[in-house]
1. Does anyone have the angle between helix 577-595 and the longest principal axis of the chain? Alpha-carbon axes, 0 to 90°, nearest 10?
2. Report, as a whole number in µm² per second, the diffusion coefficient that Stokes-Einstein gives for segment 450-523 at 10 °C and 1.306 mPa s using the Kirkwood radius over alpha carbon pairs.
3. Please state the shape class of segment 244-394: rounded when a/c is under 1.5, otherwise prolate if a/b exceeds b/c and oblate if not, all from the C-alpha gyration tensor.
4. For a quick protection proxy, order the peptides 201-212, 500-511 by their average other-Cβ count within 10 Å, most packed first.
5. Counting only DSSP beta bridges with both residues in the chain, tell me the antiparallel percent, nearest 5.
6. On average over all directions, what projected area in square nanometres does segment 475-613 have, based on the convex hull of its Cα atoms?
7. Which whole-number percent gives the relative contact order of segment 32-173, counting Cα pairs below 8 Å spaced six or more residues apart?
8. Segment 344-487: Rg/Rh from Cα coordinates, Kirkwood Rh?
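Coordinate-derived values only; no laboratory data. None of the values given here were measured: they were computed from a predicted structure. We place every Cβ from the backbone using ideal geometry, glycine too, and count neighbours over all the protein chains shown.
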Ligand code: M6R
């Protein structure tokens, strides 16, 4: 959470930083701020609200300077106010800092500094750090980077920081531990940010800082990177395609809508080079390289959060049914604090869009400590999870900016389908006919998902009828139970309507008491296995007068008389049914939220990447 940006070069820093902040707003959007250095003049402007509010407040201000830092906040310590917004300056006003993360021992540090006369203007942990840096800098008469290094040795917690100083107006010092930080650069400029998305065509090369590394960026000088223990580091430089503007909404009203419609293309990208229909094979080199481990594994543990956890549940069904591997799917946040039993011969799969989710990372490091083989399924290339796992597969969804996950989810389950089928083939668990059929259907998936988009208009009509709903129940069975959970999560986070996903058969054990004419129930009924059972569940709901919105496959008219609304989706084999049943649920929550006037791309209290626990 929180997005940070720093610029050092020859151009006016303000507009570049503001553009960068807009691109990072998905990481936090309760307040923002900017600090600009010009001829040893340090100007800091901060504002509660969105980056647009900050932008409006800048009219008439001195915005000159070709070095600066900016921050968009998701509050952890201290409410969303102008005062608590970043950047924070040191007591003397000589230094400014932006910070993403949590300084866990900030209270102890603050008490110490207060006892030595430091006065604080905000309630944040970050302000404590800049005071500490300044104190060390003055006491040791040392350069900024040395002071930052010394201060970080005293810090417990997570940080991505950028610091600048009036005394050294041609330098930015950046460091990270647990929160992402990328240092972009081209011939005569640096652009540092939490995510390369912010760099929008400004620079053409990038270095991803590793944990406990400090980078010193100076005008017209090469970057210097060291560990906070002072060991020099030779950075790995990657090139950036600066021609693509991933922030373009391409004419859609919202990123979420654009991303829903991008799913056929993302799935196609995800399958490319992996699904070989000519040879009737699945090529996944990262599985091939570790095939022994996968063939002999007794248990896979999947760790993830939110939507990625739902993808894990779909994966559990696929691995168990087709590859006959026992799977446990864990909320990373629970797993890490539960003294879980992790065996050396377990495979631990972390699923994460951002690759930066703090709980997933922490659970992963427990798995590594226990000696398990770790595998990442991430969207963001170069992210922390991507880098710390032993092997992995990228989902290739492309940048997902809407806070609600859509194409990240469908590409995660694409990867899981490929993995499960590959292992099933490898283990000879699938006959020739099924193999051909399943792979052909996988190959058709981009077209199938494109066809599923036809339900957009119908979901908009249904959303109109749900405007006054207080609660919505989502029911699904089998591989579509996780889709019920996902539908409910989308509804909650976007429209702020309480929604719950439930296994359809579990309804009788409690939630049935909720049923009356005011409770809409969404039933996912497009799987063929246990179909009669889901129809019985619909009947149970209808006999208690609740409204039923059912998702079923095209050509099935059996539910028309029973349900209030029927949403047809393409007819696919059961293992692919989540791909088509999730689409109407994404649209339904999108339309309802939009009609209720909610901020679809940036729902309240949320952030795209949850880098704090
Ligand atoms: O980046 P990750 O996939 O690790 O993020 C996990 C969750 O925070 C994320 O899926 C969240 O639940 C989404 N906002 C749901 O739409």
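1. 60 degrees
2. Working: Rh = 13.0 Å.
The calculation lands on 123 µm²/s.
3. Details: a/c = 1.97, a/b = 1.33, b/c = 1.49.
Oblate, because a/c is 1.5 or more while a/b does not exceed b/c.
4. Top of the packing list down: 201-212, 500-511.
5. Working: 65 of 105 bridges.
If I count the DSSP bridges inside the chain, around 60 percent turn out antiparallel.
6. Spelled out: convex hull of the Cα atoms, projected over all directions, averaged, 9.3 nm².
7. Numbers: 258 pairs, mean separation 35.7, N = 142.
Computed over segment 32-173, the figure is 25 percent.
8. On the way: Rg = 18.3 Å, Rh = 17.9 Å.
Value, to two decimals: 1.03.
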